[in-house]
Amino acid sequence: MTFEKNILCIGAGYVGGPTMAMIAYKCPQYRVTVVDTNPERITAWNSDTLPIFEPGLDEIVKKVRGRNLFFSTQIERGIQEAGIIFVSVNTPIKTFGAGAGMAADLQYWEKTALQIREASQSDKIIVEKSTLPVKTALAMERILTATANGVHFDILSNPEFMAEGTGIRDLETPDRVLIGSRETSAGIKARDELLEIYANWVPRERIITSNIWSSELSKLVSNAFLAQRISSINAISSLCEKTEADVTEVARAVGMDSRLGDKFLNASIGFGGSCFKKDLLNLVYLCRQYGLEEVADYWEGVIRINDYQKERFILNMLDTMFNTLAGKKICLFGFAFKANTGDTRESPAIYVSRRLVEERSELVITDPRALINAQTDLADIKEKIDFIEDPYEAAAGCDAIAVMTEWDMYAELDFEKIYENMRKPAFIFDGRNILDHRNLFDTGFNVFPVGKPSLTHF
Ligand code: NAD
Ligand code: UGA
């Protein structure tokens with residue numbers, strides 16, 4: 001069969017895999033190939049156990065894999081055959097040298113640019129899918145045009161806004177698709193070619209275009225605004241705890257103002273995930289590079305409140321459990337950074353686990369999807385922790401439960417049974433406010449939600 005377009009995606013991760021599966025699913029007329037340097041990841045994409053858990057993803061991959069979606073390690077060949085190349089490699093925070101702990105580490109991205117340049121024998125459109133600092137497209141252009149082999153490249157920015165756990169829905173019905181391009185005739189032609197791909201299933205009014213720098217910046221700003229909302233409500237949760245106000249009631253009252261909206265106002269243990277902190281740090285770094293110290297300080301405050309919220313959670317446990325956690329057995333309900341994913345990158349549970357072990361607690365961790373990642377994240381202190389999939393078994397004999405992830409299943413557990421098998425007095429620290437606190441209190445628990453009055457039997 002001949003296909004209308006040959007699309008390649010470099011990077012078979014949380015973004016590359018699902019986004020390309022959606023394009024292949026919606027556009028049977030295109031051939032989509034996803035390549036990666038990691039052979040195990042590619043083997044997993046070609047197996048019955050995909051390398052990432054995302055509701056609805058298995059079904060789509062099963063439908064299109066081998067039809068017009070292919071996973072491969074043959075990067076050079078993929079580049080040669082493709083007319084459009086999405087780059088969705090990881091862009092973590094630099095851990096070394098200038099900008100360590102702040103700036104984006106662009107080594108994977110630059111390696112990809114060089115690979116594309118070396119292997120290309122025909123003109124190509126290169127699409128930045130990874131989240132990148134503003135002006136990265138300029139660097140990409142410079143790398144790609146550094147040899148005069150007559151191949152022409154157009155660079156587009158097309159940031160991804162999907163969230164994990166709802167990735168398939170976000171990709172199928174996105175709030176918007178953003179395409180940034182150079183405002184030259186070649187840039188606009190390339191932009192229109194990418195737009196045509198999305199127009200196969202996304203309503204035209206939801207596909208927006210902009211200049212390339214606005215597009216790159218919009219991605220960082222979107223994540224910064226989302227994270228800022230969480231830090232705002234979390235900051236208020238601490239004030240609620242001092243004043244007997246209830247953060248859920250405050251969030252409802254505030255969120256009903258249609259100018260503000262009611263989403264992303266759930267007070268929590270703090271935000272996690274691979275991107276919020278990284279993208280905020282990136283924004284802060286960019287501002288400092290341009291001498292905008294006050295702006296940088298402003299956005300850094302969002303991260304500071306997030307760190308404060310996690311530490312506040314631990315100090316609250318310590319304070320409530322008679323100023324010592326040493327020898328106390330504490331069970332973490334959930335380890336993933338949010339529900340419906342096995343991803344644990346930057347999960348607040350990592351911080352909480354390390355702090356609890358530091359306080360010499362005995363730690364038990366349960367999670368329906370993230371226990372393998374949890375063992376990797378805590379590899380250096382693994383022997384001090386029990387990892388148990390069944391929550392009833394995990395909580396048995398514990399002094400306290402701390403909810404880290406808002407898995408629906410936790411709200412449906414039989415807490416009377418759990419209470420019976422715990423040490424007394426039994427504590428619950430609900431870092432996600434998902435449990436029925438009054439009911440737990442009536443069962444016998446001492447209950448400590450986030451941003452709400454505690455319910456105790458003392
Ligand atoms: P990931 O780590 O899951 O996947 C990246 C993949 O790229 C890895 O499998 C890695 O092996 C591969 N890779 C690295 N260098 C390569 C190279 N030179 N050639 C081929 N493959 C290479 O990362 P991710 O979560 O998919 O994120 C990718 C980008 O998308 C990041 O910039 C991130 O900020 C952004 N983003 C992520 C999400 C999300 O939900 N995770 C959402 C929106 C945007
Ligand atoms: C986030 C954005 O929502 C996506 O639009 C973006 O594409 C993505 O980052 C990215 O660039 O990687 P994601 O991190 O997958 O998506 O998940 P979110 O739903 O945003 O949750 C992030 C964290 O905030 C989680 O730990 C979640 O539990 C927490 N959160 C979220 C709260 O604590 N309170 C809320 O009200 C909402």
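Descriptive notes on the structure:
- Matching residues, segment 126-179, being polar (S, T, N, Q) and assigned to a strand (DSSP E or B): S157
- Exclusive hit being in the same structural domain as I401 (by TED's automatic domain parsing), at pLDDT 95 or above and over 27 Å from I93 (Cβ atoms), set T366, T376: T366
- Cross-chain or 6+ apart pairs with Cβ under 9 Å, segment 402-420 first and more than 13 Å from ligand 2 (Cβ to nearest atom), then among the charged types (D, E, K, R) and not in a loop (DSSP other than H, G, I, E, B): A402/D430
- Filter result for D380 (in a strand (DSSP E or B) and out of contact with any Cys (no Cβ under 8 Å at 6 or more places or on another chain)): no
- Whichever residue in segment 172-191 is small (G, A, S) and more than 12 Å from S157 (Cα to Cα) and, among such residues, is surrounded by the fewest Cβ atoms within 10 Å (Cβ to Cβ): S185
- Inter-residue pairs, beta-carbon under 9 Å, first free of Cβ contacts under 8 Å to residues at least 40 places away in the same chain and aliphatic (A, V, I, L, M) and in segment 106-120, second within 16 Å of ligand 2 (Cβ to nearest atom) and assigned to a helix (DSSP H, G or I), 6+ apart: L106/T136
- Under the condition of being closer than 15 Å to M422 by Cβ and assigned to a loop (DSSP other than H, G, I, E, B), the residues counted in segment 345-374 number 1.
- So G342, is it assigned to a loop (DSSP other than H, G, I, E, B), surrounded by 18 or more Cβ atoms within 10 Å (Cβ to Cβ) and either at pLDDT below 95 or of a type in the set (F, W, Y) (or both): yes
- Scope segment 260-276; condition in contact with a Phe, Trp or Tyr (Cβ under 9 Å, 6 or more places away or on another chain) and away from ligand 1 (no atom under 16 Å from the Cβ); matching residues: I269, G270
- Against the list (1) in contact with a strand residue (DSSP E or B) (Cβ under 7 Å, 6 or more places away or on another chain); (2) crowded, with 18+ Cβ neighbours inside 10 Å; (3) not aromatic (F, W, Y), the condition T131 fails is (1).
- Residue match in segment 382-393 (condition: away from ligand 1 (no atom under 16 Å from the Cβ) and buried (at least 20 other Cβ atoms within 10 Å of the Cβ)): yes
- Residues of segment 249-267 classified as more than 11 Å from ligand 2 (Cβ to nearest atom), surrounded by fewer than 18 Cβ atoms within 10 Å (Cβ to Cβ) and of a type outside the set (K, R), total: 8
- Residue among E183, E196, E172 that alone is assigned by TED's automatic domain parsing to the domain that holds M20, out of contact with any Pro (no Cβ under 8 Å at 6 or more places or on another chain) and in contact (Cβ under 8 Å) with a residue 40 or more places away in the chain: E172
- Residue match in segment 299-317 (condition: free of Cβ contacts under 8 Å to residues at least 60 places away in the same chain, under 25 Å from R438 (Cα atoms), in a helix (DSSP H, G or I) and β-branched (V, I, T)): yes
- Single match in D257, D279 (criterion: among the acidic types (D, E) and either within 16 Å of ligand 1 (Cβ to nearest atom) or in contact with a strand residue (DSSP E or B) (Cβ under 6 Å, 6 or more places away or on another chain) (or both)): D279
- Residue that is nearest to ligand 2 (Cβ to nearest atom), among those in segment 210-248 that are part of a loop (DSSP other than H, G, I, E, B) and modelled with pLDDT of 95 or more: D246
- Within segment 281-298, the residues that satisfy the criterion of being in a helix (DSSP H, G or I), over 30 Å from E359 (Cα atoms) and of a type outside the set (F, W, Y) are N282, L283, V284, L286, C287, R288, Q289, E293, E294, V295, A296, D297.
- Taking the numbered list (1) closer than 30 Å to I168 by Cα; (2) in contact with a Ser or Thr (Cβ under 7 Å, 6 or more places away or on another chain); (3) not in a helix (DSSP H, G or I) in turn, L325 passes all entries but (1).
The values are calculated or read from the model by the stated rules, or taken from the named source; none is laboratory data. Predicted, not measured: the structure shown is a model, and the values here were computed from it. Here the Cβ is made from the backbone with ideal geometry for all residues, glycine too, and neighbour counts use every protein chain on show.
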